[in-house]
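Take a look at the structure below.
What follows draws every value from the coordinates through simple rules; no lab data is involved. These numbers come from a predicted model, not from an experiment. So basically every Cβ, Gly included, is an ideal-geometry build from the backbone, and we count neighbours across all protein chains shown.
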Amino acid sequence: MLKIQNVDSYYGESCVINRLSFDVPKGKIVSLIGRNGVGKTTTLKSIMGLVKTPTGSIMMDGQEMIKMPAYERVRLGIGYVPQGRDIFPQMTVQENIELGLQPKGGKGKVPDYIYDLFPILPKFAKRKGGDLSGGQQQQLAIARALAADPKIIILDEPTEGIQPSIIQDIGAAIRKINEWKGITVLLVEQYLDFVLENAEDIYVMEKGEIVFKGGRNEADHETIRMLMTE
Amino acid sequence: MEQFITTLFNGLSLSSIILLTSLGLAVTFGLMRVINMAHGEFVMIGAYMTYVVQQIFVKFFPESVRDIYYIVSIPAAFGVAFLFGSLLERFVISRLYGREIDSLLATWGISLILQQAARSIFGTQGVNVTAPSFLKGGIEIGGCTFSYNRIFIFVMVLLCLLMVWVIMYKSNFGKQMRAVMQNRPMAQCMGINSRRVDNITFALGSGLAGIAGCSVALLGSIDSTVGQSYIVNSFMAVVLGGVGKLAGTVLGSTIIGSASIFTENYTSSTIAKAIVLLIVIVFLQKRPQGLFVIKSRNLDE
């Protein structure tokens, strides 16, 4: 579904990702893991068109999108949950979720299953997004990304700064959207246990490159753990 | 008592004009953080459009329908100022986002160019519009006269306020606009074309200044500096009210307008300006965010 080939990305003069190639097959939950600063977030920003990618190819469902602006990429069916959630703090919870309909021109209805996934959100519909706790904001950010029925959802460290009970809820929600709706998931994480519990395929990144690839069941968990702590 | 009521009415009248010019600024400066020194010139464009529409009606329409020129001039002023605003954003402002001082200097230059263009087209002498007959005179209550044109400006301000509120809080474009202003990269990741939103937002603020020009045209002579006399007060009103808050702009304009007229009543216009400026400076020292503060758990500003 999502195919990244030979992508470079720079912050100023320094190369953050280097000839990066990997793909995310349709209907799977794929995780990209690695230590701090290896280029995971930059990889996602490159996919979303938020950082410059002078070389390479990023294909979504066979369509090249490396030269597209971010707003056009989203319209191809990508839902994005960034690191730090980036909800719109001065808008209500309802408005935040409805903003997720923008890829469809702001029209249509938010799918009901989203409220089944996150029953807390309708209760806080009139509250400002900025007034929610970190865990609630994370649920809101995922709900917003799902509003326009994306084909793939990209999550950047959804467990960061979240209490354990809500981490469990988020993991369950990720599996459900994959099972119920067949939505492909690309999950960037540092929390290895969460990844092993939820992802099917795992890529490990180091210094802007993929250094390990394997299925959850076939991968040697100790090797992955070593790569994460080295 | 009569003098107090008259002063209060005049204060509110000035407040309403400041509010009309501030509404545009609340959008361009308050939401987009662009210090547009040419905002006053959009007021001027609106005022001159009123004059142009009047001249067209005098030349081509029978006397019986001439009064409606003013009604026609309101959308015309909005439209032309909107168009100029859109062009300014597209060719100048959009290249200077995040560079406040550069955009300030560039728009100051644009302001001088527009003023000179107005002098070249309309001459250095001021021109006047004749108020339509339905706005001549006034209503007398308890010995105080309330002129129709100032009452009309009140109504126009309220309608503009309602229009801005509906656009910002009840339309899909308003949702896009607020999203872009709160978090541009994330708004793009929601499928919003932020460049288009920037352009229309800036043009909308300019269009509102054009409508302010229409009201200013009713109150006195129009020349190339007509917008300049309101612009300082308008910036003060937006900052005093709290940048980014519509309710703050309304309250800020009311305070600045009323304070100006009341102090002017007991001193001179120059001293009044100095006193109002001093009050605003002291207030902002104590409360730099203005009257209305946006509170949030994760607002990083």
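Some points to look at:
- For a modelled paramagnetic label at B:Val65, 7 Å from Cα along Cα-to-Cβ, no residue of segment B:217-233 is in reach, as no backbone nitrogen comes under 13 Å.
- Note on segment A:153-212: percent of Cα-Cα distances in each 10 Å bin, starting at 0 and stopping at the bin with the largest distance, equals 20, 55, 23, 2.
- Part-to-part distance (alpha-carbon centres) for segment A:141-199 and segment B:97-140, which is given in Å: 55 Å
- Added length on full extension, which subtracts the Cα-Cα distance from 0.36 nm per residue, B:Met1 to B:Leu83: 24.9 nm
- Shown for chain B are the DSSP H helices of 30 Å or more along their axis, judged by Cα atoms, with a mean Kyte-Doolittle hydropathy of at least -0.5: B:2-25, B:39-60, B:69-91, B:100-122, B:148-170, B:194-219, B:246-266.
- Nitroxide proxy distance, nm - points 7 Å out along Cα→Cβ at B:Thr124 and B:Lys286: 4.7 nm
- Note on segment B:6-137: Rg/Rh from C-alpha atoms, Kirkwood Rh, equals 1.02.
- Debye intensity ratio in log₁₀ form over the Cα atoms of segment B:72-175, taken at each q of 0.14, 0.17, 0.21 Å⁻¹: -0.92, -1.12, -1.20
- Estimated distance in nm for a label pair at A:Ser21 and A:Lys176, the labels positioned 7 Å out from Cα along Cα-to-Cβ: 3.9 nm
- Put simply, the C-alpha atoms of segment B:22-227 give a gyration tensor, and the ellipsoid matching it has half-axes of 32, 21, 15 Å, longest first.
- Chain B: most fluctuating residue of B:Met32, B:Met190, B:Met181 per GNM, C-alpha cutoff 10 Å: B:Met190
- Ranked list, fewest to most other Cβ atoms within 10 Å of each Cβ, for B:Ile271, B:Ile101: B:Ile101, B:Ile271
- Segment B:2-54 shape via C-alpha gyration tensor axes, a/c threshold 1.5: oblate
- Long-range Cα-Cα pairs in segment A:75-170 (distance over 20 Å), rounded percent: 29 percent
- 19 Å tail of the calculated P(r), segment A:106-230, as % of Cα pairs: 52 percent
- Pairs of Cα atoms farther than 29 Å apart, the protein assembly as shown, %: 59 percent
- Between B:Ile56 and B:Ser268, the modelled label-to-label distance comes to 4.3 nm, taking each label 7 Å out from Cα in the direction of the beta carbon.
- Value in Å of the Kirkwood radius, where chain A supplies the Cα pairs that are averaged: 17.8 Å
- Residues B:Met49, A:Met228, sorted so that the one with the fewest Cβ neighbours within 10 Å comes first: A:Met228, B:Met49
- Based on every Cα atom in segment A:1-119, Rg and the maximum pairwise Cα distance Dmax equal 15.8, 46 Å.
- Loop-resident sites, segment A:38-104, for GluC sites (Glu not before Pro), counting at most 11 other Cβ within 10 Å (DSSP): none
- Relative contact order [Cα under 8 Å, 6+ residues apart], chain A, whole percent: 28 percent
- At R0 = 25 Å, FRET efficiency that the Cβ-Cβ distance of B:Ser94 and B:Ile167 yields, to 0.05: 0.75
- Efficiency of FRET between B:Val155 and A:Ser165 - r from beta-carbon atoms, R0 35 angstrom, step 0.05: 0.05
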